[in-house]
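Here the structure is laid out as structure tokens; the discussion comes afterwards.
The values are calculated or read from the model by the stated rules, or taken from the named source; none is laboratory data. Predicted, not measured: the structure shown is a model, and the values here were computed from it. Neighbour counts are summed over all protein chains in view; Cβ atoms, including those assigned to glycine, are modelled from backbone coordinates with ideal geometry.
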Amino acid sequence: MHRNPINAAMVKALPLMPRALVWRVSQRYIAGIRLEDALDTAASLNRQGMRATIDVLGEDVREPRQVAESAQLYRDALAEISRRGLDCNVSIKLSEMGLRFDPALCRRIMAELVEAAEAHSNFARIDMEDSSVTDVTLAIYRELRANHDNVGTVVQSCLKRTPTDVRQLLTEGMAHLRLCKGIYLEPSEIAHQERTEISKAYNDLLDQLLDGGCEKVGIATHDPPLVKHALAALAARNVPKERYEFQMLLGVAEKLRDELVAAGHPLRVYVPFGEHWYAYSARRLRENPTIAGHVAKNLFLRR
Ligand code: FDA
């Protein structure tokens, strides 16, 4: 992916940055430390005409105790979302549910969480992580979908395999998907590296999903040309609002977000929260140094 020397320097400097500084930069993108913070943010977004999805921060968990803690936070989130009548679902990373050290535990917990969401008439999205877990993530998604309609996953336009995965999921009637570019740095054998290629793949995949009769697509991007393509693609096919929504990360591209909402498009905001905010921020920066450019921008252009 495109590298710029300032971004690379920011990534190298990251371990030297005090937590307070990283927090100041990150807090715009993170609802807070406690579930209450995420619920308040979701309520505020709802009041502004937006939906939300809550992400309990934490990934690549190595101990059953941590899995249990995260899973409990998701159960609490689902119960509180329902009690407060929020328009908000949950997004879950399989590595946070123990995928890398105990796949059977991960499968068990995910089945429980999808059932808990179902009991509250809610929905669970399985986030997509790096390419080492694409196959197992899609396999677990298929297993869950065999018994539950209220679960979806994510596909990444940077991966060369994605058109094939999408074709297969469309054939199986399981295309309840969020489409994103993909945040992980992947090798050129399996992933497009150039921004133009990733964007073209994104547009083609959205067309493929809309033409193939996807159940619902989450159009997750802040990139104005991609949003423009999506708007034209939706209008050309007269896609009803139940079959799509735009999705954006908390604190990002708020002007574009507000314009879409004002134009009447459904839009969901991804709301991360939790104690593991530092690891999340640091890891995101290491994995995709282009994001460090946003950190630099925020350091110097404080708003
Ligand atoms: P691009 O990177 O070109 O960004 C367009 C513009 O948006 C930038 O110029 C900048 O202004 C702004 N911007 C983008 N990201 C920003 C940031 N972090 N901070 C500040 N400004 C930013 N990936 C993945 O691999 N698996 C997943 O499950 C998900 N899930 C997901 C959910 C949602 C709701 C979103 C919006 C994104 C994801 N992603 C993801 C991340 C996704 O793959 C991608 O890395 C980012 O969305 C950035 O790509 P854009 O399409 O926004 O374009």
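Run C106 past the list (1) in contact with a strand residue (DSSP E or B) (Cβ under 6 Å, 6 or more places away or on another chain); (2) more than 11 Å from the ligand (Cβ to nearest atom); (3) under 27 Å from S281 (Cβ atoms) and report the number of the one that doesn't hold.
Single failed check for C106: (1).
Is the stretch 285-299 home to any residue that is surrounded by fewer than 19 Cβ atoms within 10 Å (Cβ to Cβ), within 9 Å of the ligand (Cβ to nearest atom) and at pLDDT 95 or above?
no
When you scan the stretch 153-169, do you find a residue that is part of a helix (DSSP H, G or I), small (G, A, S) and touching a Phe, Trp or Tyr at 6+ places or on another chain (Cβ under 7 Å), even just one?
In the first step, residues of the stretch 153-169 are kept if they are part of a helix (DSSP H, G or I); the result is 162-169.
Imposing the further condition that a residue be small (G, A, S) reduces the set to none.
Looking through the stretch 153-169, none of the residues is part of a helix (DSSP H, G or I), small (G, A, S) and touching a Phe, Trp or Tyr at 6+ places or on another chain (Cβ under 7 Å).
List every residue pair whose Cβ atoms sit under 8 Å apart, with the two residues 6 or more apart in sequence or on different chains, where the first one lies in the stretch 245-260 and is within 21 Å of G32 (Cβ to Cβ) and in a strand (DSSP E or B) and the second, anywhere, is near the ligand (Cβ under 10 Å from one of its atoms) and aromatic (F, W, Y).
That search, which allows pairs on different chains as well, returns Q247/Y270; M248/Y270; L249/Y29; L249/Y270.
Here are some residues: G182, G213, G173. Which one is among the small types (G, A, S), under 27 Å from D87 (Cα atoms) and buried (at least 21 other Cβ atoms within 10 Å of the Cβ)? Spell out how you get there, then give the answer.
Numbers: G213 fails: buried (at least 21 other Cβ atoms within 10 Å of the Cβ); G173 fails: buried (at least 21 other Cβ atoms within 10 Å of the Cβ).
After ruling out the rest, the residue left standing is G182.
Under the condition of being touching a Lys or Arg at 6+ places or on another chain (Cβ under 9 Å) and of a type in the set (D, E, K, R), which residue from the stretch 36-61 is surrounded by the fewest Cβ atoms within 10 Å (Cβ to Cβ)?
D60
Of the residues V269, V227, which is within 13 Å of the ligand (Cβ to nearest atom), of a type in the set (V, I, T), touching a strand residue (DSSP E or B) at 6+ places or on another chain (Cβ under 9 Å) and not in a helix (DSSP H, G or I)?
Details: V227 fails: not in a helix (DSSP H, G or I).
Just one listed residue meets the conditions, V269.
When the residues of the stretch 80-94 are narrowed to those that are in contact (Cβ under 8 Å) with a residue 12 or more places away in the chain and surrounded by fewer than 19 Cβ atoms within 10 Å (Cβ to Cβ), which ends up nearest to the ligand (Cβ to nearest atom)?
Let us first name the residues in the stretch 80-94 that are in contact (Cβ under 8 Å) with a residue 12 or more places away in the chain, namely 80-82, 84, 86-94.
Of the ones still in play, those that are also surrounded by fewer than 19 Cβ atoms within 10 Å (Cβ to Cβ) are 80, 82, 84, 87.
Values: E80: 21, S82: 22, R84: 21, D87: 15 Å.
Out of the qualifying residues, it is D87.
For the list (1) surrounded by fewer than 20 Cβ atoms within 10 Å (Cβ to Cβ); (2) touching a strand residue (DSSP E or B) at 6+ places or on another chain (Cβ under 7 Å), I need the number of the one condition that R167 fails.
Of the numbered conditions (1) surrounded by fewer than 20 Cβ atoms within 10 Å (Cβ to Cβ); (2) touching a strand residue (DSSP E or B) at 6+ places or on another chain (Cβ under 7 Å), the odd one out for R167 is (2).
Before we move on, is G98 surrounded by 23 or more Cβ atoms within 10 Å (Cβ to Cβ), more than 16 Å from the ligand (Cβ to nearest atom) and more than 15 Å from the chain's Cα centre (by Cα)? Quick ask: steps written out before the conclusion?
Numbers: surrounded by 23 or more Cβ atoms within 10 Å (Cβ to Cβ): yes; more than 16 Å from the ligand (Cβ to nearest atom): yes; more than 15 Å from the chain's Cα centre (by Cα): yes.
Answer is yes for this residue.
Within the stretch 230-266, restricting attention to residues that are among the small types (G, A, S) and more than 9 Å from the ligand (Cβ to nearest atom), which residue is surrounded by the most Cβ atoms within 10 Å (Cβ to Cβ)? Even if it seems obvious, please write down each step before you answer.
Our first condition is that a residue be among the small types (G, A, S); within the stretch 230-266, this holds for 230, 232-233, 235-236, 251, 253, 262-264.
This time we only want the ones that are more than 9 Å from the ligand (Cβ to nearest atom), so: 230, 232-233, 235-236, 262-264.
Values: A230: 25, A232: 11, A233: 18, A235: 9, A236: 10, A262: 9, A263: 9, G264: 9.
Out of the qualifying residues, it is A230.
Name the one entry in A201, A279 that is crowded, with 17+ Cβ neighbours inside 10 Å, within 19 Å of the chain's Cα centre (by Cα) and either assigned to a helix (DSSP H, G or I) or away from the ligand (no atom under 16 Å from the Cβ) (or both). Write out each step before concluding.
Numbers: A279 fails: crowded, with 17+ Cβ neighbours inside 10 Å.
From the options A201, A279, the qualifying one is A201.
Across the stretch 15-65, what is the number of residues that are touching a residue at least 12 places away in the same chain (Cβ under 8 Å), in a helix (DSSP H, G or I), out of contact with any Ser or Thr (no Cβ under 9 Å at 6 or more places or on another chain) and among the polar types (S, T, N, Q)?
Count: 2.
Being more than 13 Å from the ligand (Cβ to nearest atom) and more than 18 Å from the chain's Cα centre (by Cα) narrows it down to one of A191, A175, A139, so name that one. Walk me through how you get there before you give the answer.
Working: A191 fails: more than 13 Å from the ligand (Cβ to nearest atom); A175 fails: more than 18 Å from the chain's Cα centre (by Cα).
One residue alone meets the criteria, A139.
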